[in-house]
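Structure record follows, encoded as structure tokens.
The values are calculated or read from the model by the stated rules, or taken from the named source; none is laboratory data. Remember, predicted model here, so these are calculated numbers, not experimental data. No Cβ is skipped: glycine too gets one built from the backbone with ideal geometry, and neighbour counts run over all protein chains shown. With ligands, DNA and RNA removed, areas are computed over all heavy atoms of the protein, side chains included. Shrake-Rupley method; radii C 1.70, N 1.55, O 1.52, S 1.80 Å.
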Amino acid sequence: MGVKTNILFFCLFINALCTSGKGQHSFVKEAKNGQWRKSKYDFIIVGGGTAGCSLAATLSQKMSVLLLERGGSPLGNGNISYSMENFEANLFDFDSDRSPTQIFISEDGVINARARVLGGGTCLNAGFYTRASSSEVRAMGLEAGLVEQSYRWVESIVAHRPPTNEWQDAVAKGLLEAGVSPYNGFTYDHIPGTKLGGTIFNGTGHRSTAADILVQRGNPRKLTVLLYATVQRLLFSTKDKTRPKVRGVVFKDADGAEQQVFLKGDKSEVIISAGALGSPQLLMLSGIGPAKELKSMGIQVIMDQPAVGKGMADNPMNTIFVPFTTPVPVSLIQVVGITKFGSYIETCSGFRLYETGTTKKDGIILQKVKGPLSKGHLRLDNSTNAEDNPMVKFNYYDHPMDLQSCVKGIRTIQKIIGSRPVKKFIPPSISLNKIMNSSFYAPINLTPKSTEGWGSLEQFCKDTVTTIWHYHGGCQMGSVVDREYRLFGANGVRVIDGSTFLFSPGTNPQATVMMLGRYMGVRILREKLGPSAGV
Ligand SMILES: Cc1cc2nc3c(=O)[nH]c(=O)nc-3n(C[C@H](O)[C@H](O)[C@H](O)COP(=O)(O)OP(=O)(O)OC[C@H]3O[C@@H](n4cnc5c(N)ncnc54)[C@H](O)[C@@H]3O)c2cc1C
């Protein structure tokens with residue numbers, strides 16, 4: 001099976017892409033004509049993604065912000081569909097260096113995707129919206145009151161209650177029969193049991209994204225957003241040999257020409273929000289990372305920081321493909337089972353997942369491992385070009401507890417498939433064993449499969465591992481950034497996005513990533529302007 005075929009198959013069930021219908025905004029422009037040269041900024045934010053958009057919108061209330069995003073805008077782009085049903089038209093659009101999806105394949109052999117578009121992952125993702133648990137919020141060292149306010153702020157713009165769907169309802173009942181109880185109804189909260197979570201798709205199936213937060217809440221008088229602006233490296237002053245101070249950034253503009261842009265004053269900052277792959281990569285390209293590795297690539301070392309690129313993790317996902325007797329409408333993730341053994345169970349319907357030669361639309365039930373405990377690393381892939389993917393290895397199922405969570409998760413899915421509400425969707429001639437075999441042999445990854453087939457659920461978990469795209473780490477809190485997300489050992493740099501996470505929060509992370517952008521925006525304004533900053 002060629003890489004291309006695997007990628008195409010992978011794309012049949014990635015839940016993408018952005019929509020449109022809205023016009024352009026005066027402060028969102030392509031990076032052309034050097035308008036930025038005359039200006040200096042209080043903040044330069046690298047990456048207009050899930051965290052970067054809510055952060056920029058908040059900081060721009062009081063201070064000047066330049067947001068540099070390497071991708072284009074989803075707003076007013078008729079080629080990008082925001083509809084759940086319609087996403088397949090864009091799924092194959094990853095060949096161009098301007099398409100919103102950038103495919104990467106980790107060293108584990110798992111095909112993965114990262115965003116390259118204003119709004120970041122919220123333009124590609126399955127839309128499920130759900131908060132972190134209160135213990136996770138505490139573990140992140142965040143202040144509960146401001147977290148609550150920040151989630152609400154985000155929710156007022158992008159979160160919705162999903163419409164119900166007969167398949168999702170059946171899986172919810174199946175989860176309860178399988179013991180994932182109680183039923184907690186519709187809630188954004190992360191509580192053990194089965195629930196209906198939120199979504200960024202509204203009642204008519206139209207996607208809201210972090211770019212909506214930016215255009216609805218950004219202050220046009222203080223905000224400049226440049227598209228197709230790929231930051232290559234940060235610029236440091238090393239007058240103080242012991243503590244580099246950031247001055248600005250170098251980026252490639254929309255015509256591919258190298259440009260520089262500078263901060264205003266001593267209190268100004270560069271904030272990196274380039275995601276779990278982009279942020280550690282950019283620090284390394286700027287000379288901050290493991291010195292030996294950087295020197296071997298000819299990068300001038302500004303600060304030896306071995307922790308950059310470490311602690312990379314991707315929650316393993318294993319999928320059971322469920323054939324339907326009759327077609328079921330498209331639904332992305334709505335119902336989730338939060339088990340007590342570290343596995344989250346979710347479902348989608350209406351995709352053509354089996355190579356059956358029919359146009360029948362099937363479903364999937366998946367399990368995601370919480371955490372995870374298995375960790376990997378990221379390094380530059382012999383390239384000093386920020387547009388190239390770095391090399392990343394996640395070491396899925398390296399930790400035995402991750403594997404045990406998966407085994408229990410798959411057992412629970414088997415019970416769900418055997419439950420009365422779910423069984424009625426499946427042709428009686430198709431046995432559980434057949435479903436497991438088809439799922440085992442589906443061409444979903446490039447990892448070697450046991451030639452003996454799946455003798456055990458442990459083998460099934462290892463050989464069918466894919467991604468749920470919740471990868472994180474690389475600039476982790478405690479080793480690369482402090483509790484205020486400031487880069488250790490340097491002045492004027494923070495990292496605010498999923499790269500700082502020690503675990504993936506909630507069942508799915510986007511709510512917490514958007515919340516974090518808002519939360520840190522408020523804290524930084526209070527730090528710079530005093531507690532009465534007025535946000
Ligand atoms: C297919 C898919 C499905 C998912 N499904 C869900 C789901 O249903 N629910 C959920 O909660 N989560 C989901 N996620 C995960 C969630 O979307 C991500 O965890 C989240 O978006 C990460 O946010 P971030 O801010 O860390 O990074 P991103 O949103 O990726 O933002 C990083 C931004 O930085 C830009 N950038 C990178 N490098 C540079 C550079 N050098 N210069 C300028 N710009 C740069 C990128 O273009 C991007 O816009 C999914 C993700 C994917 C990809």
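Counting only protein heavy atoms and a 1.4 Å probe, the chain has 37 square angstrom of accessible area per residue. Amide hydrogen proximity for ILE272: with H placed 1.01 Å from N in the peptide plane, the residues at 5 or more positions away or on another chain lying under 5 Å are VAL46, ARG494, VAL495, ILE496. Whole-Hz Karplus values for segment 42-58 come out as 5, 9, 10, 9, 9, x, x, x, 4, 7, x, 5, 6, 5, 5, 4, 6 Hz, taken residue by residue from phi with 6.51 cos²θ - 1.76 cosθ + 1.60 and θ = phi - 60°; glycine and proline positions read x.
Give me the number: length gained by fully extending SER532 to GLU387, i.e. 0.36 nm times residue separation minus the C-alpha to C-alpha distance, one decimal in nm.
Details: separation 145, 0.36 × 145 = 52.20 nm, distance 4.06 nm.
Here the answer is 48.1 nm.
Relative contact order of segment 241-340, taken over Cα pairs closer than 8 Å and 6 or more residues apart, is 15 percent. Based on C-alpha pairs under 8 angstrom that are at least 6 apart in sequence, the chain has a relative contact order of 22 percent. Database remark: amide H of GLY198 closer than 5 angstrom to the amide H of TYR129 (H placed geometrically; neighbours at sequence offset of 5 or more, or on other chains; Pro and chain starts carry no H).
Loop-resident trypsin sites (Lys or Arg not before Pro) (DSSP state other than H, G, I, E or B) in segment 202-292 with no more than 16 further Cβ atoms inside 10 Å of their Cβ: ARG221, LYS239, LYS241, LYS264, LYS267. Per-residue Karplus couplings for segment 170-178, computed as 6.51 cos²θ - 1.76 cosθ + 1.60 with θ equal to phi - 60°, are listed in order as 5, 5, 4, 5, x, 4, 5, 4, 7 Hz, Gly and Pro entered as x.
The loop-placed GluC sites (Glu not before Pro) in segment 140-179, going by DSSP, that have at most 15 neighbouring Cβ atoms within 10 Å of their Cβ come out as GLU143.
One equal scatterer on each Cα of the chain, no solvent, Debye formula: the resulting log10 I(q)/I(0) at q = 0.05, 0.06, 0.08, 0.09 Å⁻¹ is -0.18, -0.27, -0.48, -0.61. Cross-link partners among aspartates and glutamates for LYS241, C-alpha distance below 18 Å, same-chain residues fewer than 8 apart left out? Straight-line reach from LYS241, under 18 Å: ASP266, ASP304. Cross-link pairs exceeding 27 Å between alpha carbons, from the set LYS295/LYS393; LYS245/LYS310; LYS295/LYS449; LYS370/LYS424; LYS370/LYS393: LYS295/LYS449; LYS370/LYS424. Shape class for segment 132-276, computed from the alpha carbon gyration tensor (a ≥ b ≥ c): prolate, with a/c not under 1.5 and a/b above b/c.
Amide H to amide H, with H built 1.01 Å from N, SER331 comes under 5 Å of SER349, GLY350, counting only residues 5 or more places away or on other chains.
Straight Cα distances below 14 angstrom link LYS368 to the aspartates and glutamates ASP314, GLU346, ASP402, with same-chain residues fewer than 8 positions distant left out. For segment 190-198, backbone phi angles converted through the Karplus equation (6.51, -1.76, 1.60; θ = phi - 60°) give residue-by-residue couplings of 9, 9, x, x, 10, 8, 9, x, x Hz, Gly and Pro being listed as x.
Overall, the accessible surface of the chain at a probe of 1.4 angstrom is composed of carbon and sulfur to the extent of 50 percent. Mind checking which aspartates and glutamates have their Cα closer than 13 Å to the Cα of LYS62? Skip sequence neighbours fewer than 8 apart in that chain. Here the aspartates and glutamates satisfying the reach criterion relative to LYS62 are ASP42, GLU527.
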